[in-house]
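The values are calculated or read from the model by the stated rules, or taken from the named source; none is laboratory data. A quick note: this is a predicted structure, and the numbers were derived from the prediction, not measured. All Cβ positions, even for glycine, are placed from backbone atoms using ideal geometry, and neighbour counts span all protein chains on display. Note: accessible area is taken over every heavy atom of the protein model, side chains too, but ligands, DNA and RNA are not part of it. Shrake-Rupley method; radii C 1.70, N 1.55, O 1.52, S 1.80 Å.
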Amino acid sequence: HRLMNILATIKEKILEYLDVHIKLLKLNFIGQTSKVVSYFLFAFICLFIVFAIVLFLGFGLTETFMALGLSKLASFFVTIGVYILMLTIVISCRRGITRFFASGIISAMSSDEDKKKDKEQ
């Protein structure tokens with residue numbers, strides 16, 4: 001009878017231990033997932049803001065070129081040339097840009113414990 005009580009106590013402790021670790025894993029997963037989702041939302045908001053800036057910059061450039069004496073059609077073509085120049089610059093800097101976003105995603109996915117371990121080593 002006493003052996004059964006000891007085994008029941010050990011079983012309860014093991015189940016409690018496993019339950020606590022499963023809850024910790026769930027919380028860690030939720031924390032990491034929320035970091036990644038928040039990073040993507042931040043990037044999406046920044047992308048939207050950059051899109052709006054570039055769009056209105058194009059309208060402004062077109063109006064500026066029209067004020068300088070170019071026709072409306074020529075102003076649009078010059079503005080397209082400026083966009084192509086910006087696209088060429090972005091394509092030439094693609095490695096730095098992709099590294100920036102990749103490092104952001106990696107840092108969002110890595111836990112604080114991993115960062116502490118890396119600093120210690």
Some residue of region 66-79 being modelled with pLDDT of 85 or more, among the small types (Gly, Ala, Ser) and part of a loop (DSSP other than H, G, I, E, B):
yes
How many residues of region 80-113 are closer than 30 Å to ILE30 by Cα, assigned to a helix (DSSP H, G or I) and of a type in the set (S, T, N, Q)? The answer is 3
State all residues of region 54-94 that are open to solvent by less than 70 Å² (accessible area, probe 1.4 Å) and either touching a residue at least 60 places away in the same chain (Cβ under 8 Å) or under 26 Å from the mean Cα position of the chain (by Cα) (or both); if no residue qualifies, say none.
VAL54, LEU55, MET86, CYS93
Restricting the first residue to region 14-34 and requiring it to be closer than 23 Å to GLY104 by Cα, which pairs with a second residue that is open to solvent by 80 Å² or more (accessible area, probe 1.4 Å) and not charged (D, E, K, R) meet a Cβ separation below 8 Å and a spacing of at least six or different chains?
GLN32/MET109
Considering every residue within region 32-50, establish whether at least one is open to solvent by less than 100 Å² (accessible area, probe 1.4 Å), more than 24 Å from ALA102 (Cα to Cα) and either among the small types (Gly, Ala, Ser) or out of contact with any Leu (no Cβ under 9 Å at 6 or more places or on another chain) (or both).
no
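So, of the residues in region 1-31 that are under 30 Å from SER103 (Cβ atoms) and over 22 Å from the mean Cα position of the chain (by Cα), which turns out to be least open to solvent (accessible area, probe 1.4 Å)? Outline the logic, then answer.
Within region 1-31, the subset under 30 Å from SER103 (Cβ atoms) is 24-31.
After this cut, where a residue has to be over 22 Å from the mean Cα position of the chain (by Cα) as well, the list is 24-25.
Details: LEU24: 97, LEU25: 118 Å².
The selected residue is LEU24.
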